[in-house]
Each structure stands twice: as C-alpha cells, then as structure tokens.
Amino acid sequence: MGAIDFQQLEESFFLTLYEPENIVLTMQASELLNIENMVRLIDTYAPLITASERSTGAAFFCTWFAGVCSALQQMLYHSDGPILDLSLSNLSVQLYAGTHYPLFSFKIIETRYIDTPDTDRHTWCKALLSSFYKEQVTPLMLILSQAAQMRVIPLWGQLVYALYDQRENELATASDNAYKENIISQFNILSHDVDASAFGLRKNPFDIKLKFIDDPVNPDQKLLVKTACCLAYRLGARSDYCYTCPRLKEKDRESMRVSCGS
C-alpha cells in the first residue's frame, strides 16, 4: 500500500489544499461548533439548493462532510504510513458556486500527519477512530441537529450510507483478496469495535445490516439502500423519493424499475 493520494482525496472526498474560485462562504470547520455559525452556514446553503427547510440543507451538508470521514477510511485502507490530521481545527469549510450548483470543499490548513505504529495497528486504529468521532464528528453532528431542529439519527444516516457505499466500491474494485480482507477488517473496527459513546448514541450507527436492491438499469447488479432519507424530495418542486430511499414502498420501487426498463 502506498502514500497518500492527494488527487484522489480532492476528486473523491472534497479535501483540498487550495481555495476555489467563486467562494460564497468559508470558515474554519471548528467554528461550526458555534450554533450561530452553523445556522449561518445552513441558511446560506439551503436556498442555493432550493431547500425551504434547514433540515434539508443540514442533510445535504452531511453528505458533503461525509467526504472527510470517507477520506480517513480511504487512508486507512490504502496506507500503512502516517495519516493526515483531519481534525476540525485543521480544516476550512468552503462553500462555493459550481457550474450548475453549489459545492463544498474542505481545505487542509496545514499538511500535518499522525504517525502509525509498526505493531498492533488494530488497537491504534480503534483509538484513532474513537477519538476522531468523539472529538471531531459527534460534536459537529450535535450542533448541526440543533441548528436544523431535527433528530441527529437521520444526519448520522447520511454519513453511514456514504461510508458503506465507499466500502462497497472499494471491494468491487479491489485487485486481490488480501486487500479485500484489509478493507473489511478496517471497516469492522469502525462498525463493531468503536464504542457507541464515541457517537453520543446508545448504539454504534455503523453497526447495521445492509439492504441491497436490483439496479433498474443493470439488473445483474445490486444497489445499496440508503440508511436514511436524504430529503431530496423536499427540493424545489420535486416530490418523489430516490430509488434507493428507505422510505420508498416496494410497489413504488418496482414501478420505477419498470419505467427505467421501458
């Protein structure tokens, strides 16, 4: 396994070393632990995606922030060396105008690393993930739920789905069984070894049973059902659920499959 791929971190997980053009709003990620700053971010972002409620903007922001969590997993999958410090104090949240819709990126303020031990990597990974979620992610999720006046569980669902989707993609493209076993082993630390208290919950949100459904375009492939509704049906004039939404009834999903095949 090789060194950290900064290009992949930017292209796949929105982590960057640069400031984009057309910035709408930027602030240090740790500043979002102040509820006024979080409200400011969501109230700026939500109208740009035609979301009339903060809860929708919050859910969509979670799908972007999931990139930070996914980036950490990616480094654990691919590198035996030092891991980038992705603490909130070392990231800037950057909301900017894209070609067709608003985008987020997370700028790494200082390229600093966390050293990896030569032995007992399992214990080290457990401690790293426990600390990362307890000290960085969970406080952000709690403030976000307060700002949006919604339960925190659906927000965790956005992160959980993103990381499982990433894991499935990694497994599908893994070049050998040894690497597949490493992916599964690393993810199991997150889903089974990290205590629920790190997430501020009674149960580890990643400790779930996955559900797969037929791909309507490629029947020989399966799609992962989302672990929580992303609230996209509330955007603008849209009123329908996504094909992979857990709220969608099977008869309606079947109708969507038929429509795709016709």
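The values are calculated or read from the model by the stated rules, or taken from the named source; none is laboratory data. Values in this document were obtained by computation on a predicted structure and should not be read as measured data. Because the Cβ atoms are built from the backbone with ideal geometry, glycine has one as well, and the counts that use them run over all protein chains shown.
Only one entry in Ala148, Ala97, Ala127, Ala172 is under 30 Å from Lys222 (Cβ atoms) and of a type in the set (Gly, Ala, Ser), namely Ala172. Screening Glu36, Glu21 for residues that are surrounded by fewer than 15 Cβ atoms within 10 Å (Cβ to Cβ), at pLDDT 95 or above and either of a type in the set (Asp, Glu) or touching a Gly at 6+ places or on another chain (Cβ under 7 Å) (or both) leaves exactly one candidate, Glu36. If I ask for residues that are in contact with a Lys or Arg (Cβ under 7 Å, 6 or more places away or on another chain) and among the polar types (S, T, N, Q), which ones from the stretch 91-145 would you list? Ser92, Gln94, Ser145, listed by residue number.
When every residue of the stretch 70-78 is checked against the conditions, at least one turns out to be touching a Leu at 6+ places or on another chain (Cβ under 7 Å) and of a type in the set (Gly, Ala, Ser).
Where helices (runs of 4 or more DSSP H) fall entirely within the stretch 151-262, those with at least 3 residues that are under 19 Å from Gly67 (Cβ atoms), modelled with pLDDT of 90 or more and hydrophobic (A, V, I, L, M, F, W, C) are at 152-173. Listed by first and then second residue, the pairs linking a residue in the stretch 125-148 that is among the charged types (D, E, K, R) to a residue that is crowded, with 20+ Cβ neighbours inside 10 Å and not in a helix (DSSP H, G or I), with Cβ atoms under 7 Å apart and 6 or more places separating them unless they lie on different chains, are Lys126/Val194.
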